[in-house]
Each structure stands twice: as C-alpha cells, then as structure tokens.
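*Asks:* Here's a structure for you.
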Amino acid sequence: MLSKELLDQGRIYARKIIDGLNASPSHFHAVNYCKKQLSQNGFTELKETDKWTLEPSKGYYFSRNGSTIVAFLTGALCGSQPVSSYKIVGCHTDSPVLKIAPYSKISASGYNQLNVMLYGGGLWRTWFDRDLNIAGKVIVKSTDGTKLESRYWNANRPLLKIPNLAIHLCREEQPLNKETETKPIFASSVADSLFSGGVEAISEDKFRIDEKHF
C-alpha cells in the first residue's frame with residue numbers, strides 16, 4: 001500500500017527530475033547542469049591534459065567539448081592496491097531534436113520558417129502543434145573583439161511551431177516527409193511588412209525579422 005511518506009519521497013524525487021530536465025534543453029546544458037550538481041556534492045573537476053593525483057574514497061569528474069561528462073568514485077584502497085574491478089553506468093546527454101541548419105532562413109507561402117535537420121530517431125509527429133523553444137551553444141566575439149567564446153543560450157520561451165494537418169487529412173499510415181513537413185514556423189511574412197522601414201519607431205529597435213538569422 002502506498003503510504004504518505006513514500007508518496008512524499010516520490011514527489012521530492014520527481015521534482016529533482018523535472019528540475020534537471022528543465023535545466024537541460026540541449027546536451028550542452030545537460031552536461032553543465034551535471035557539473036554543477038557534482039561540484040555541489042563534493043566532486044572535484046579534473047582536466048584530461050593534467051596529471052591526476054587521486055585520493056581514496058573521493059569523487060571526481062571531467063568533461064569533453066561541453067557535451068560529454070564522466071564522473072567516478074575512487075575506492076577506499078585507491079593508490080595502495082591495483083584496481084581489480086569496477087562498475088560502469090552510461091547514458092546519453094543528447095536526445096532526438098530538431099537542429100538548426102547552417103543556412104536557417106526559409107520563406108514560403110507567406111511564412112518565415114526555420115530550416116532544421118532531424119537528429120536521432122524521434123517520433124516526429126509528436127512534435128507537431130507544440131510550442132518549441134530554441135537553445136544550445138553559440139559562438140560569440142569577446143568583449144574586446146580579440147577572440148571567440150562559447151556561451152550557452154536558452155530562449156526560455158515559445159518561439160516556433162510545426163503546424164499539423166486536420167486529423168482527417170493526417171493519418172498515421174501516411175508517410176511523413178521529413179524534408180518538407182518538419183520546418184517550424186516562427187512568423188508570417190506580414191511581420192516583415194509591419195516591422196520594416198515604414199514604422200520608424202519599431203525599426204529603430206531592430207525588430208526586423210530577416211535580420212535575426214541567415
């Protein structure tokens with residue numbers, strides 16, 4: 001029988017899972033979230049290029065390219081005896097997603113769309129008629145303009161949507177054309193007219209849609 005104590009524990013655990021998912025809109029964000037959690041729980045960060053000095057009964061982690069992370073615990077006999085056995089647990093930091101293509105702008109049938117590439121074996125019809133966010137890693141110039149820096153970015157709001165056909169026109173047995181039917185819409189072309197040079201007060205604030213991507 002489900003007790004109140006067990007239910008309360010389940011809610012706490014579920015809340016932690018939800019917080020982790022919300023903090024991980026991309027695999028870069030997921031690794032960054034894991035690094036923070038490990039650091040807060042006593043793990044020490046290592047660099048692959050450094051010589052490691054490991055202590056017994058300690059936790060360590062290192063990451064690569066901001067998209068992969070490895071964490072491990074040393075045994076109580078670390079350093080005094082050879083390692084005779086170990087356990088490995090692995091999982092993905094990424095998941096099926098719509099990745100923005102290098103040339104992202106598409107304009108067709110009166111709509112501005114985002115050109116995307118399908119990554120992974122997703123159930124793509126479940127992405128239709130949902131509010132979609134944009135997040136990932138971007139490369140920007142440093143403040144002094146002397147070098148390039150990587151930053152994690154999350155819009156944290158709905159920006160795009162892939163519209164679906166009416167149910168009587170969209171049966172499961174009909175194959176999905178991934179090249180033409182999965183391009184998210186973010187504005188109708190009328191927005192270009194409204195936010196163009198004809199409205200000076202708005203155009204000064206740089207709301208032109210076609211300047212936001214290429």
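*Asks:* Anything in region 165-185 that is aliphatic (A, V, I, L, M) and at pLDDT 85 or above? List them, or say none. Before the answer, list the steps.
*Replies:* Of region 165-185, the ones aliphatic (A, V, I, L, M) are 165-167, 169, 176, 185.
Correct list: I185 only.
*Asks:* Sticking with this structure for a sec: In region 92-122, which residue that is of a type in the set (A, V, I, L, M, F, W, C) and at pLDDT 90 or above is nearest to C34 (Cα to Cα)? Full working, then the answer.
*Replies:* Start the filter on region 92-122 by keeping residues that are of a type in the set (A, V, I, L, M, F, W, C), which leaves 97-98, 100-101, 106, 108, 114, 116-118.
Now narrow it down to the ones that are at pLDDT 90 or above: 97-98, 100-101, 114, 116-118.
Values: V97: 20, L98: 23, I100: 24, A101: 27, L114: 30, V116: 27, M117: 27, L118: 25 Å.
Of everything passing the filter in region 92-122, V97 is nearest to C34 (Cα to Cα).
*Asks:* Next up: For region 38-62, which residues satisfy the criterion of being within 25 Å of Y152 (Cα to Cα), of a type in the set (K, R) and surrounded by 10 or more Cβ atoms within 10 Å (Cβ to Cβ)?
*Replies:* As a first pass, look at region 38-62 and keep what is within 25 Å of Y152 (Cα to Cα): 38-49, 60-62.
Now drop any that are not of a type in the set (K, R), which leaves 47.
Once the filter is applied, which keeps residues that are within 25 Å of Y152 (Cα to Cα), of a type in the set (K, R) and surrounded by 10 or more Cβ atoms within 10 Å (Cβ to Cβ), region 38-62 yields nothing.
*Asks:* Given the criteria touching a residue at least 40 places away in the same chain (Cβ under 8 Å), buried (at least 16 other Cβ atoms within 10 Å of the Cβ) and not polar (S, T, N, Q), does F28 qualify? Lay out the reasoning, then the answer.
*Replies:* Numbers: touching a residue at least 40 places away in the same chain (Cβ under 8 Å): yes; buried (at least 16 other Cβ atoms within 10 Å of the Cβ): yes; not polar (S, T, N, Q): yes.
For F28, the condition - touching a residue at least 40 places away in the same chain (Cβ under 8 Å), buried (at least 16 other Cβ atoms within 10 Å of the Cβ) and not polar (S, T, N, Q) - is met.
*Asks:* Looking only at strands (runs of 3 or more DSSP E) that fall completely inside region 63-141, which ones have 1 or more residues that are among the charged types (D, E, K, R) and either exposed (fewer than 15 other Cβ atoms within 10 Å of the Cβ) or touching a residue at least 12 places away in the same chain (Cβ under 8 Å) (or both)?
*Replies:* Working: elements: 68-73, 97-108, 111-119, 135-141.
Per the criteria, 97-108, 135-141.
The values are calculated or read from the model by the stated rules, or taken from the named source; none is laboratory data. Please read all numbers here as calculations on a predicted model, not as lab measurements. When we count neighbours, we look across all protein chains shown, and the Cβ atoms used for this are built from the backbone with ideal geometry, even at glycine.
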